[in-house]
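Novice: Next up is a structure, given as structure tokens.
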């Protein structure tokens with residue numbers, strides 16, 4: 001899954017670096033970085049879904065999987 | 001508790017975990033939003049619901065909490081396994 | 001005081017018998033950005049912070065103990081039936097010779113837990129920024145563990161814990177705003 005909550009950059013690769021370049025390095029920028037003070041009455045998940053997702057509010061949900069796995 | 005738990009136990013537990021999770025989320029939210037009236041209402045409603053689920057689980061599987069927050073069976077059944085990390 | 005409940009916060013399932021994963025998970029048990037450090041950090045800061053955010057520190061600190069129990073459950077399940085041979089093959093022979101399969105508060109590299117992981121400056125802003133950083137570091141640790149793990153059920157629980165770090169960070173950010181602006185004194189929406 002590629003979401004806007006994941007950013008990447010390409011580290012400089014020297015001809016003298018011993019390993020082949022990794023390509024992109026990834027980092028997360030989850031929704032809490034953008035929310036500010038949470039407004040009242042945000043839409044909610046059902047209790048079961050909230051438990052499964054780890055948050056009551058879809059606005060904070062940020063699924064994570066190994067980004068290097070996906071690349072291969 | 002019986003040594004092997006029936007599937008029903010896991011369903012009850014997940015029921016409680018789901019309701020309790022809403023309560024955890026609302027607790028942290030209300031800690032920073034103490035004036036949100038509808039969130040307070042929802043919190044109290046879920047608090048009531050969790051009491052009912054707790055009672056239903058305890059009637060079949062023994063006490064969930066200690067120090068008098070749950071009733072004991074006879075004999076004392078708090079120490080009966082399995083424990084949460086074992087199930 | 002605290003009251004224990006015989007229940008995990010989230011159902012922990014582990015599919016594969018892969019004790020090597022326990023070696024990584026112990027980072028979140030006794031590591032610098034682990035759940036123990038988090039719980040102790042917040043519960044300790046409560047005593048020297050404005051009243052308005054004591055409730056939040058108490059509640060997040062308490063939730064961290066529930067997360068500690070989840071991590072312990074994962075490690076317990078991954079190692080309880082492993083023979084010394086299997087533990088050796090999994091790279092945890094050095095843990096075994098000291099502790100058998102007992103849990104111990106150390107990090108993935110075997111460094112024992114230390115109180116210096118727990119910052120307490122006594123300045124509310126400095127401490128809350130520390131807490132925000134701690135949550136982001138714990139989130140990152142969960143990412144690195146997920147990257148190392150191929151157990152789908154275990155990763156499901158780890159994703160839950162990672163998401164909790166996001167929410168905790170959010171609440172600590174709000175706590176900073178409350179101290180900055182005396183927010184939520186009145187209805188402002």
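Novice: Let me spell it out: the conditions are (1) away from chain B (no Cβ under 12 Å); (2) closer than 30 Å to residue B:30 by Cβ, and residue C:115 meets all of them except one. Which number is the exception?
Specialist: Evaluating residue C:115 over (1) away from chain B (no Cβ under 12 Å); (2) closer than 30 Å to residue B:30 by Cβ leaves (2) as the failure.
Novice: Also, quick follow-up: Hey, any hits in the range B:80-87 for a residue that's more than 10 Å from chain A (Cβ to nearest Cβ), at pLDDT 95 or above and in contact with a strand residue (DSSP E or B) (Cβ under 7 Å, 6 or more places away or on another chain)?
Specialist: no
Novice: Suppose the filter is outside any loop (DSSP other than H, G, I, E, B), farther than 30 Å from residue C:181 by Cβ, within 13 Å of another protein chain (Cβ to nearest Cβ) and modelled with pLDDT of 95 or more; does residue A:63 pass it?
Specialist: Taking the combined requirement at face value, the residue does not satisfy it.
Novice: Name the one entry in C:158, C:179 that is within 14 Å of another protein chain (Cβ to nearest Cβ), outside any loop (DSSP other than H, G, I, E, B), surrounded by fewer than 18 Cβ atoms within 10 Å (Cβ to Cβ) and at pLDDT 95 or above.
Specialist: C:179
Novice: Quick one: count up the residues across the range A:20-56 that are in contact (Cβ under 8 Å) with a residue 12 or more places away in the chain, under 11 Å from residue C:163 (Cβ atoms) and more than 8 Å from chain C (Cβ to nearest Cβ).
Specialist: 1
Novice: Another one. Looking at the range B:45-62, is at least one residue within 11 Å of chain A (Cβ to nearest Cβ) and under 22 Å from residue C:54 (Cα atoms)?
Specialist: Checking the range B:45-62: not a single residue is within 11 Å of chain A (Cβ to nearest Cβ) and under 22 Å from residue C:54 (Cα atoms).
Novice: Under 8 Å by Cβ, and 6 or more places apart or on different chains, what pairs join a residue from the range B:32-45 that is over 21 Å from residue C:177 (Cα atoms) with one that is loosely packed, with under 14 Cβ neighbours inside 10 Å?
Specialist: These pairs meet every condition: B:38/A:41.
Novice: Is it the case that residue B:42 is at pLDDT 95 or above and in contact with a strand residue (DSSP E or B) (Cβ under 7 Å, 6 or more places away or on another chain)? Explain how you work it out, then say what you get.
Specialist: Numbers: at pLDDT 95 or above: yes; in contact with a strand residue (DSSP E or B) (Cβ under 7 Å, 6 or more places away or on another chain): no.
Criteria not met by residue B:42.
Novice: Run down A:53, A:25 and say which single residue is under 18 Å from residue C:139 (Cα atoms) and exposed (fewer than 13 other Cβ atoms within 10 Å of the Cβ). Steps first, please.
Specialist: On the way: A:53 fails: exposed (fewer than 13 other Cβ atoms within 10 Å of the Cβ).
Exactly one of A:53, A:25 is under 18 Å from residue C:139 (Cα atoms) and exposed (fewer than 13 other Cβ atoms within 10 Å of the Cβ), namely A:25.
The values are calculated or read from the model by the stated rules, or taken from the named source; none is laboratory data. None of these values were measured; they are calculated from a predicted model. With ideal geometry, Cβ positions are generated from the backbone for all residues, glycine too; neighbour counts draw on all protein chains shown.
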